[in-house]
1. Criterion first (within 15 Å of the ligand (Cβ to nearest atom) and either modelled with pLDDT of 95 or more or within 19 Å of Gly95 (Cβ to Cβ) (or both)) does Gly154 satisfy it?
2. Out of all the residues in the stretch 200-219, is one or more in contact with a Pro (Cβ under 7 Å, 6 or more places away or on another chain), surrounded by 21 or more Cβ atoms within 10 Å (Cβ to Cβ), touching a residue at least 24 places away in the same chain (Cβ under 8 Å) and of a type in the set (Val, Ile, Thr)?
3. I'd like to check something: does the stretch 54-64 contain any residue that is within 16 Å of the ligand (Cβ to nearest atom), outside any loop (DSSP other than H, G, I, E, B) and surrounded by 13 or more Cβ atoms within 10 Å (Cβ to Cβ)?
4. Can you spot a residue in the stretch 193-212 that is modelled with pLDDT under 95 and in contact with a strand residue (DSSP E or B) (Cβ under 8 Å, 6 or more places away or on another chain)?
5. Please work out which one of (1) of a type in the set (A, V, I, L, M); (2) within 13 Å of Ala90 (Cβ to Cβ); (3) over 20 Å from the mean Cα position of the chain (by Cα) is the condition Ala124 fails and give its number.
6. Anything in the stretch 74-94 that is away from the ligand (no atom under 16 Å from the Cβ) and either surrounded by fewer than 24 Cβ atoms within 10 Å (Cβ to Cβ) or more than 19 Å from Val212 (Cα to Cα) (or both)? List them, or say none.
7. Any chance the stretch 184-193 includes a residue that's within 14 Å of the ligand (Cβ to nearest atom) and in contact with a helix residue (DSSP H, G or I) (Cβ under 7 Å, 6 or more places away or on another chain)?
8. For the stretch 99-110, indicate whether the set of residues that are more than 12 Å from the ligand (Cβ to nearest atom) and either under 23 Å from Ala157 (Cβ atoms) or loosely packed, with under 15 Cβ neighbours inside 10 Å (or both) is non-empty.
Amino acid sequence: MNKLGPRPIGRAAAAGFPPTPEQAFAELLAGNRRFVAGTPHHPNQDADHRAAVAEGQHPFAVIVGCSDSRLAAEIIFDRGLGDLFVVRTAGHTVGPEVLGSVEYAVTVLGTPLVVVLGHDSCGAVQAARAAASTGVAPAGHLRAVVDAVLPSLGLAAERGVEDPDEIVDIHIAHTVEAILANSSVLAAEVADGRCAVVGLSYRLSAGETRAVAAVPVGLTEPPAAA
Ligand SMILES: [Zn+2]
């Protein structure tokens, strides 16, 4: 779908949609704060809302997250049906189908924010580190996951980074870069100000997220690692 093509049916019916990337990001972080505090609202999970969104979806954020079972997007961001367009792979690796899914959300559904969601103790990153250190590639299609993580490990090695959490942050930031480098469609949406791409690092025990990358950079307060 060309970004200059006709607006999707039903989009105009959603009042205030699309929000700006900044508004979408603030909404997402607000939900995560509720989750961390143990005071979730569980919004948009009732039967009336279920019926309403059956007529059309207007998700305000795309989550490109790791498949880890502890990283359930609607739970950790305290959202409900129709709020988040979620694509998950082990290690949030981004092949053609993932990029196509993100492009669909951004260009067809008008979603203004893409979030790469990684986390500490990521098994995909650990598997890639094991493969790199032993020189033994995993069997089957797991190799594709490992191969997709290895460039991030190369970046970490170039920078002399050995801390596992810092390596995860580098992998998240590299995934943000990979999305924009491999999707001219998404890069154009970002360049035109309709969309932003943010990398968030999630801590399994605390439930908190921390921004480690953002394009455009001014979207958030990048920490030192960005
Ligand atoms: Zn993971």
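The values are calculated or read from the model by the stated rules, or taken from the named source; none is laboratory data. Since the model is a prediction, treat every value here as computed from it, not as a measurement. Here the Cβ positions follow ideal geometry from the backbone for every residue, glycine too, while neighbour counts run over all protein chains shown.
1. Answer is no for this residue.
2. Yes, the stretch 200-219 contains a residue that is in contact with a Pro (Cβ under 7 Å, 6 or more places away or on another chain), surrounded by 21 or more Cβ atoms within 10 Å (Cβ to Cβ), touching a residue at least 24 places away in the same chain (Cβ under 8 Å) and of a type in the set (Val, Ile, Thr).
3. At the first step, the residues of the stretch 54-64 found to be within 16 Å of the ligand (Cβ to nearest atom) are 63-64.
Subset that is outside any loop (DSSP other than H, G, I, E, B): 63-64.
Restricting the remaining residues to those that are surrounded by 13 or more Cβ atoms within 10 Å (Cβ to Cβ) gives 63-64.
Checked the stretch 54-64: at least one residue is within 16 Å of the ligand (Cβ to nearest atom), outside any loop (DSSP other than H, G, I, E, B) and surrounded by 13 or more Cβ atoms within 10 Å (Cβ to Cβ).
4. There is no residue in the stretch 193-212 that is modelled with pLDDT under 95 and in contact with a strand residue (DSSP E or B) (Cβ under 8 Å, 6 or more places away or on another chain).
5. Condition not satisfied by Ala124: (3).
6. Glu74, Asp78, Arg79, Gly80, Leu81, Gly82, Asp83, Leu84, Phe85
7. no
8. In the first step, residues of the stretch 99-110 are kept if they are more than 12 Å from the ligand (Cβ to nearest atom); the result is 99-110.
Then keep just the ones that are either under 23 Å from Ala157 (Cβ atoms) or loosely packed, with under 15 Cβ neighbours inside 10 Å (or both); that gives 100, 108.
Within the stretch 99-110, one or more residues are more than 12 Å from the ligand (Cβ to nearest atom) and either under 23 Å from Ala157 (Cβ atoms) or loosely packed, with under 15 Cβ neighbours inside 10 Å (or both).
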